[in-house]
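Take a look at the structure below.
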Amino acid sequence: MRLILMGPPGAGKGTQARVIAEYFGVPAISTGDIFRANVSQGTPLGKKAQEYMDAGEYVPDEVTNLMVRARIDEPDAEPGFLLDGYPRTLAQVEELDGMIRHTGHELDAVVVLTVDPNEIVERLLNRAQTDGRTDDTEDVIRRRQEVYGEQTEPLIGVYRGRGIVHEIDGMGEVDDVTKRIFDALDVVSQS
Ligand code: ADP
């Protein structure tokens, strides 16, 4: 199973990614989480990524692509993976196509979570208080939403053209959203 989870900042991708990935027995790979881990460990990759993340900008494609390629090459990703936060640019779509083609597999589905951008700002400001993410300030949240609209939203059209997009209402209770995703992916959720 090779899945992509897309949606604007704060759509709840991370929460849903863990549940879906567990169901399919594949790793949930979150580029945001990998970057944050590198920042907190002070690695060279973290040093490269931090200023972009704090400004709400995307980390350059070359950096992100290399990191994802290395992660997908790990043995646990051989049966498949769920990507959360990648691809986010057209260049990353092409790169991912190459990586998947190389393994002789195909992308199975792209799940897009749709949300109300204004409600999302609230959610993210709340998260700032509990998780202490440095990019969850109002200005940076708005910038992340803008960058998403400019650079990432157009990717939905690309994947729609391939007939693999499932658009899911991401508002409401976490469990309800999960159920919608499983219904769309045609599986019976274990409740
Ligand atoms: P969000 O809640 O904004 O979707 P993430 O945790 O997925 O946040 O990502 C946090 C930050 O990490 C992004 O704002 C960006 O700077 C960087 N990042 C994550 N994934 C990518 C990517 N695929 N390409 C470039 N930058 C990325």
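The values are calculated or read from the model by the stated rules, or taken from the named source; none is laboratory data. It should be emphasised that the depicted structure is a prediction, and the values quoted were computed from it without experimental measurement. Every residue, glycine among them, receives a Cβ derived from its backbone with ideal geometry; neighbour counts consider all protein chains shown. The accessibility values were calculated without ligands, DNA or RNA, using every heavy atom of the protein model including side chains. Shrake-Rupley method; radii C 1.70, N 1.55, O 1.52, S 1.80 Å.
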Which of the numbered conditions does Glu57 fail, given that it passes all the others? Conditions: (1) surrounded by fewer than 20 Cβ atoms within 10 Å (Cβ to Cβ); (2) within 11 Å of the ligand (Cβ to nearest atom); (3) part of a helix (DSSP H, G or I). (3)
Filter pass, Ala128 being at pLDDT below 95 and of a type in the set (Gly, Ala, Ser): yes
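Regarding Glu51, is this residue under 17 Å from Leu5 (Cα atoms), in a helix (DSSP H, G or I), modelled with pLDDT of 95 or more and open to solvent by 20 Å² or more (accessible area, probe 1.4 Å)? Spell out how you get there, then give the answer.
Details: under 17 Å from Leu5 (Cα atoms): no; in a helix (DSSP H, G or I): yes; modelled with pLDDT of 95 or more: yes; open to solvent by 20 Å² or more (accessible area, probe 1.4 Å): yes.
Criteria not met by Glu51.
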Criterion violated by Ile168 - all others in (1) in contact (Cβ under 8 Å) with a residue 60 or more places away in the chain; (2) surrounded by 17 or more Cβ atoms within 10 Å (Cβ to Cβ); (3) of a type in the set (A, V, I, L, M, F, W, C) satisfied: (1)
Can you go through Pro8, Pro27 and tell me which one is crowded, with 19+ Cβ neighbours inside 10 Å, within 8 Å of the ligand (Cβ to nearest atom) and closer than 25 Å to Val165 by Cβ? Pro8
Residues satisfying the stated conditions in the range 109-145, i.e. within 13 Å of the ligand (Cβ to nearest atom), part of a loop (DSSP other than H, G, I, E, B) and of a type outside the set (A, V, I, L, M): Arg133, Thr134, Asp135, Asp136, Thr137
Yes or no: the range 129-139 includes at least one residue that is surrounded by fewer than 12 Cβ atoms within 10 Å (Cβ to Cβ) and touching a strand residue (DSSP E or B) at 6+ places or on another chain (Cβ under 8 Å). no
All conditions in (1) exposed (fewer than 12 other Cβ atoms within 10 Å of the Cβ); (2) of a type outside the set (Lys, Arg); (3) assigned to a helix (DSSP H, G or I) are true of Tyr148 except (1)
Which number in (1) under 15 Å from the mean Cα position of the chain (by Cα); (2) more than 16 Å from the ligand (Cβ to nearest atom) marks the one condition that Asp169 misses? (1)
